[in-house]
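*Asks:* Please find one structure pasted underneath; my questions will follow.
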Amino acid sequence: MVSDLLGIEEIVESGVNGVITPANDLSITADAIATLIAQPDRLKRLSAGARATDVSRWELDRLGEATTTVYLQARRMGQR
């Protein structure tokens, strides 16, 4: 459960790997929490989606490859 702050949509897809609620609406946030408590299967599905998103985006090998690519590009730019 997250608020709809800037950039959060890049990480959380509501209904797939979490629930996004309006930042300053406690009533909607409370309703969303109550819904997840009442629907444990939905909560499990969202939790599994969050884990899958986390692993696919932040896996160390993938991050290492991305970092290496950025460094190599910077190096090439510096050699020009």
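The values are calculated or read from the model by the stated rules, or taken from the named source; none is laboratory data. Small disclaimer: the values here were computed from a predicted structure and weren't measured. We place every Cβ from the backbone using ideal geometry, glycine too, and count neighbours over all the protein chains shown. Remember, those area values only see protein heavy atoms, side chains included, never the ligands or the DNA or RNA. Shrake-Rupley method; radii C 1.70, N 1.55, O 1.52, S 1.80 Å.
*Asks:* Taking the stated definitions as given, is ARG80 part of a loop (DSSP other than H, G, I, E, B) and loosely packed, with under 11 Cβ neighbours inside 10 Å? Steps first, answer last, please.
*Replies:* Values: part of a loop (DSSP other than H, G, I, E, B): yes; loosely packed, with under 11 Cβ neighbours inside 10 Å: yes.
Here the answer is yes, as ARG80 does meet what is asked.
*Asks:* Kindly provide the set of residues from the range 4-13 that are open to solvent by 40 Å² or more (accessible area, probe 1.4 Å) and not in a helix (DSSP H, G or I), ordered by number.
*Replies:* The initial filter retains those residues of the range 4-13 that are open to solvent by 40 Å² or more (accessible area, probe 1.4 Å), namely 4-6, 9-11, 13.
Correct list: ASP4, LEU5, LEU6, ILE11, GLU13.
*Asks:* While we're looking at this one, here's another question. Among (1) open to solvent by 60 Å² or more (accessible area, probe 1.4 Å); (2) assigned to a loop (DSSP other than H, G, I, E, B); (3) modelled with pLDDT of 85 or more, which single condition is ALA23 missing?
*Replies:* Single failed check for ALA23: (1).
*Asks:* Looking at VAL16 and the list (1) at pLDDT 90 or above; (2) in a helix (DSSP H, G or I), which single condition is not satisfied?
*Replies:* Exception for VAL16: condition (2).
*Asks:* Anything in the range 38-68 that is open to solvent by less than 70 Å² (accessible area, probe 1.4 Å) and more than 27 Å from GLY15 (Cβ to Cβ)? List them, or say none.
*Replies:* Scanning the range 38-68 gives GLY64, ALA66, THR67.
*Asks:* Cβ-Cβ distance below 6 Å, separation of 6 or more or different chains: which pairs start in the range 32-44 with a residue that is in contact (Cβ under 8 Å) with a residue 24 or more places away in the chain and end on one that is of a type in the set (A, V, I, L, M)?
*Replies:* As it stands, the answer is ALA32/VAL19; LEU36/LEU43, since those pairs meet every condition given.
*Asks:* Identify all residues within the range 26-37 that are open to solvent by less than 50 Å² (accessible area, probe 1.4 Å) and either in contact with a strand residue (DSSP E or B) (Cβ under 6 Å, 6 or more places away or on another chain) or acidic (Asp, Glu) (or both); write none if there are none.
*Replies:* THR29, ALA32
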